[in-house]
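Structure, as structure tokens:
No lab work stands behind these numbers, since they all come straight from the coordinates. These numbers were taken from a predicted model, which means no experiment stands behind them. So basically every Cβ, Gly included, is an ideal-geometry build from the backbone, and we count neighbours across all protein chains shown.
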Amino acid sequence: MATPKEAYDIAVIGGGNAALCAAMTAAEAGAHVLILETAPKPYRGGNSRHTRNFRCMHKTPLGPLVEEYSEDEYLSDLLKVTGGKTDEHLARLAIRTSEECLPWMEEHGVRFQPSLSGTLSLARTNAFFMGGGKSLVNAYYRAAAGLGVDVLYEAAVTHLELNSDQIEWVDYTYEGQSHRITPKAVIVASGGFQADTDWLTRAWGEPAKNFLIRGTPYNRGVVLSDLLDQGVESVGDPTQCHAVAIDGRAPKFDGGIVSRLDCVPFSIVVNKHAERFYDEGEDVWPKRYAIWGRLVAAQPDQVGYAIIDTKSLNLFMPSVFPPLKADTLDELAGMMDLPAEKLKATVSAFNAACGDTNGFHPTELDGVTTSGLIPPKTNWARPITEPPFYGYSLRTGVTFTYLGLKVDETAQCSTSSGKIKNLWAAGETMAGSILGQGYLAGFGMTIGTVFGRIAGREAAAYAN
Amino acid sequence: MQTDLIQEARRQAEICNACRYCEGYCSVFPSLHAERAFSDGDITQLANLCHNCRGCYYACQYTAPHAFDLNLPKALAEVRRDSWESFAWPQPLARRFHTHGGAIALALVIGFALLFWAVRAIGSSGGEGFYAVLSHNAMVAIFAPAFLLPLFSIVFSLRRYWAEVGGKPIQMSDLTAALKRAGKMQDLAAGHSEGCNFEDEDRFSQGRRHIHHVIMYGFLLCFASTSVATIMHYVFGLHAPYGFWSLPKLFGISGGLLLTVGCGAMALLKQKSDRDLGDPSAWGGDIGFILLLGFVGLSGLVLYALGSTPLMPALLAIHLGSVLTFFLLTPYTKMAHGFYRLAALIRDAQRKRDVSMVR
């Protein structure tokens, strides 16, 4: 086994936002830092390269953010999506610290832009990165290099040796060889395990094989499982994850933002038996896209089909894959492999249940509802009558899993017998500490930035 | 227009339109995000709005090895060059120079030869200074058509462009908005005004923008020098040679210096850039054009410096030969881009005006 010549104070495992925030903070505190990124350089950055914004508390207008977003409002938004399954102490810490993160991010090269077209509802709460998450990642790698942080790409960590209350060494493979280093401290920021289909299947059951992974194929939870096997304390439910309904034609991995489909509120969604299964018009899509991942996962073959007619086509953001298009429902059913008679019956029943559609308003809850239909469609319910008809398939797209390392307010990991004195965790790999279920847009980057910086600071203090 | 190039750009634009992360970088994305489907004219307009700053490429989560294989700066650069070639008039010259640096060099040699021939065959019946080598009338006889014919050609091409992109009658406010963006080269600055990603991967730098400024203002000063001199000659009867402290000389010398330095720096800077993020087949033509433009400036400066030596007649022929070549090739080389860029920015100002009127 080869040992690198240089001795490092801190090894950071992972190469996304949380890892980079930790590495830069530690380097600024004087530590000699090595980043071990398992992806090749073009895919560096984990899921951060697919992100687009950062949810940020602010008392007064801050950077691109308008008005005010208070700690209490932020927390209440979070509690709404997690249903109370949140460590409030850590959540408040993340929220409160987010305000000082924004200027820090700018100092480290991140640039923001006004809220993107089609996302005006986020202009007060979420700061958008100019160019998106990959440009943030690029800026951070440049800043880290300027601070003397070393980076190895395609360096896959295989094992951290835990000896009672400390990590003794780190094993990784690089350029076909195994290496061992003995840093004074280790920061784990290597994400969830969603890209390991076997693990996901063990947690979820067979349906997980049909899930698409929206982000990096490199988050396979190798380090997470290595640490859990050695008794490091975990948090979160292995079946919980950030999962959304996305275009069924998206690639298995790395489809990112463009696999998003915004048509559901204006459609009816049926399963492979051409039966509706949930209220498509329950709320505006930004508040509902996350639950549809689970709804679709519960359907046979984990697939859904959204059907609209021509009057709805231009009401939502264009999709990257053009919809299937047919002049009759028969033809559309054939293209989507749905039972035609049943589809026509479902559409007829839906159309018959639609009432007065004069109040239709695509961007707000308009109360244009069905009557006597189960399940109902409680907003935007307009009959599907005007050809051509369009169809999209929907699948479950997993962003990241919530089972992770349990940390305290200093981002430190522990075993049942107490703290591990030189191990910290940040980012998605510990986000389960805060997100018990559900997801709040832009909060993953908040957790990564806040806890990355804390982990970097604490690890550097220990190493010094 | 080549449909395969347009189709590839359209494929990529549709992915961009579902992502929108790059909205703040430049004029291309707000214009792109305003459409749901892209006609050939839309793609042509987007291509001419793109200044190849490459910010979107390095920020893109879908570049190779990702299966989506996005490289928007390249796709648009290819459509852009194809649009210039397709709209150029007359067509037999359209595709000779953009992709052939050697053809530009050959044209330059022919330009030299023509001027040496003119000096020898026409010569002068005894003027002052340069006119002692080639008479004023002979110069006008050569350069008036060499200036006006390409101008006519460009106007003709731009009308084709304007029809293709659905341009409307131009208002003063469209023109001022476009000139403002062009004057600052805002589209080489990225939304945060920190410049392009050109010479060192994803590092933002003002290098290309500032060098481009130097070239553009150098060219405009040289053009101003000639224009002022023409006015002095015909309106005020003040004939060359002019002294150092005259406007033609002050504009000409400062412009020549800027052109020489700017083009030299641009040729060097381009060596550091990734050719595959532009139009690789136009590499030679672009470099050839930059060197030609720089040579126009340099040969003018040398002519000024050695104007009272026996070398002057030869230097005059060389300088005028390069100017002649530069003028005549304007519609068929990278020089055309300035006109198209301005047209695209004017069209974009119209689009924004329409949007604000609807709101």
For chain B, any Cys whose C-beta has no other cysteine C-beta under 4.7 angstrom counts as unpaired, and these are B:C16, B:C19, B:C26, B:C50, B:C60, B:C222, B:C263
Only counting other Cβ atoms within 10 Å, I'd like B:R11, A:R382 sorted with the fewest neighbours first. B:R11, A:R382
In order over segment B:263-274: 3J(HN,Hα) from phi, Karplus 6.51/-1.76/1.60, θ = phi - 60°, whole Hz, x for each Gly or Pro, gives 5, x, 5, 5, 4, 5, 4, 4, 4, 7, 8, 7
Computed over the Cα atoms, what is the radius of gyration of chain A divided by 2.2 N^0.38 Å, N being its residue count? 1.03
Suppose every K and R has +1 on its Cβ and every D and E has -1 on its Cβ; what is the size of the dipole of segment B:85-358 about the Cα centre, in Debye to the nearest 20? 460
HN-Hα J in Hz across segment B:84-99 - Karplus 6.51, -1.76, 1.60, θ = phi - 60°, x for Gly and Pro: 5, 5, 6, 8, 5, 9, x, 4, x, 8, 4, 9, 8, 10, 4, 10
By the gyration tensor of its Cα atoms, with a ≥ b ≥ c the square roots of the eigenvalues, what is the shape of segment A:243-397: rounded for a/c under 1.5, prolate for a/b over b/c, or oblate? rounded
Convex hull volume per residue in cubic angstrom - Cα atoms of segment B:85-358: 151
Would you order A:K287, A:K85 from fewest to most other beta-carbon atoms within 10 Å of each residue's own beta-carbon? A:K287, A:K85
Per-residue average of Cβ from other chains inside 10 Å of A:51-57: 1
Mind checking Rg over Rh on segment B:150-210, alpha carbons, Kirkwood formula for Rh? 1.13
Can you give me the long-range amide H partners of A:R111? Hydrogens built in the peptide plane at 1.01 Å from N, cutoff under 5 Å, separation of 5 or more residues or another chain. A:M130
Which residues qualify? For A:L394, with a placed amide H closer than 5 Å and at least 5 residues away or on another chain, they are A:G248, A:G304, A:Y305, A:A306
Range of Cα positions in segment A:415-464 per principal axis (Å), largest first: 36, 25, 10
To the nearest 20 Debye, how big is the dipole of the protein assembly as shown about its Cα centre, given +1 on the beta carbon of each Lys and Arg and -1 on that of each Asp and Glu? 2520
Output the relative contact order of chain A, whole-number percent, from Cα pairs under 8 angstrom with separation of 6+ residues. 24
With θ set to phi - 60° and the Karplus curve 6.51 cos²θ - 1.76 cosθ + 1.60, what are the ³J(HN,Hα) couplings of segment A:71-84 in order, to the nearest whole Hz, using x for Gly and Pro? 4, 5, 5, 4, 5, 5, 4, 5, 5, 4, 7, 8, x, x
Where does each of B:W245, B:W117, A:W285 land when they are ranked from fewest to most other beta-carbon atoms within 10 angstrom? B:W245, B:W117, A:W285
Please express the shape of segment A:156-272 as an equivalent ellipsoid: the semi-axes are the square roots of 5 times the eigenvalues of the C-alpha gyration tensor, given largest first in whole angstrom. 35, 16, 12
Give, to the nearest whole percent, the P(r) tail of the protein assembly as shown beyond 36 angstrom, counting all Cα pairs. 55
Which order do peptides A:445-456, A:241-252, B:42-53 fall in by mean Cβ count within 10 Å, highest first? A:445-456, B:42-53, A:241-252
